[in-house]
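Read through the structure below, which is laid out as structure tokens, and then see the notes.
Only the coordinates and a few stated rules stand behind these numbers; no lab work does. Small disclaimer: the values here were computed from a predicted structure and weren't measured. Please note: Cβ atoms are built from the backbone with ideal geometry, for glycine as well, and neighbour counts cover all protein chains shown.
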Amino acid sequence: MPYDLKNAKGSSAIPMTPFTDSDYIDEEVLAAEIEFIVKCGSTSITTPVMVSEFEALSESERKLMIKIPCEAAAGRLAIIANVAAPCANQAVDYAAFAQEYGADAVIAMPPAGVDFEFIRKYYKKISDAVSLPIMIQNHSMAGTMLSPNQVIELCEEIENVRWVKQECIPGPVSISSLMSVKTPALEGVMSGFGSQYAPLDFARGATATIHACEWADLVQQVWDLFFEGKEKEGRERHCAVLPALQLEGILGMKYAKEVMMRRGVFKNSNMRRASRDLSADDAREIDVIFESVSNCIRV
């Protein structure tokens, strides 16, 4: 039976795609990355999305980034599979594959440069192809951003469209705008922005945040405190770990992969997308970050 996303509270961790020196997906490291996320206490995994460099993956590689997490997680937490594609037929193919291999939900960003009627048909075709919950990834800087009313219209009209990853500027304010439109058709909202706004996201109604996995244990601890009603402690823990989350926004996935190397999961920080190598100054700052969060690390 699929994992209910209503129980997936806190950290929805995104695996980065590990590459060998020959530029293939390192399946052994990927499985270890999923085990790391499970041990961090995350309640779901979202894969493969922008953090995973999904746009630089082949179709077969994208499916591998769904298959291995489903197998490695083995029902211990929810798997949200990314099925976004330029056309509905391709998205449907990814969605059917995700359902076959045991994903608990799918997520899709609307294609870029299309009108709302195209988007409506896009999600309808995905919904008709699977019985899984569908999450809209609503992003200011990628795909086609939807207004709160458009999001709600899709939820109310299309059977399986029930969730939203809301990551539109200005961040938590956009969650408030969405949640102000009351409807039972919207089952839940997850946030983005690397969990940098966790206190605000939680206060505005988000139940989880979808973020790169390198600090998944720290993120889950913050959200756990909020769900336990310990707002003061949650804010204190958030402030303690925030520099680690913010540095990702500056240094990107090279930083995230470097952290995963230092945490004993990754063998290298190889990427397909162009990225600046970390400097000696960057490395020193990462040293400081590790020291500052050492009392919070659980894995």
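Please give the Cα centre distance for region 95-116 versus region 251-299, rounded to the nearest Å.
Taking the Cα centre of each part, region 95-116 and region 251-299 sit 30 Å apart.
Stick to the Cα atoms of region 5-292, pair each with every other, and give me the Kirkwood hydrodynamic radius in Å at one decimal.
19.0
Give the distance, in whole Å, between the Cα centre of region 55-79 and the Cα centre of region 193-241.
What the calculation gives is 25 Å, centre to centre.
For region 165-299, I need the span (max minus min coordinate) of the C-alpha atoms along each principal axis, in Å, sorted largest to smallest.
Per principal axis, max minus min of the Cα coordinates gives 49, 33, 22 Å.
Note down the magnitude of the dipole of the chain about its Cα centre, charges +1 on Lys and Arg C-beta and -1 on Asp and Glu C-beta and zero elsewhere, to the nearest 20 debye.
The calculated dipole for the chain is roughly 480 debye.
Based on the mean of other beta carbon atoms within 10 Å per residue, what is the order of 199-206, 45-52, most packed first?
Averaged packing, sorted descending, gives the order 45-52, 199-206.
Within the set 121/182; 39/124; 67/230; 125/254, which residue pairs have Cα atoms separated by over 31 Å?
39/124; 67/230; 125/254
Taking +1 at the Cβ of each Lys and Arg and -1 at the Cβ of each Asp and Glu, which of 74, 105, 14 sits farthest along the dipole of region 1-122 towards its positive end, judged by Cα position relative to the Cα centre?
Result: 105.
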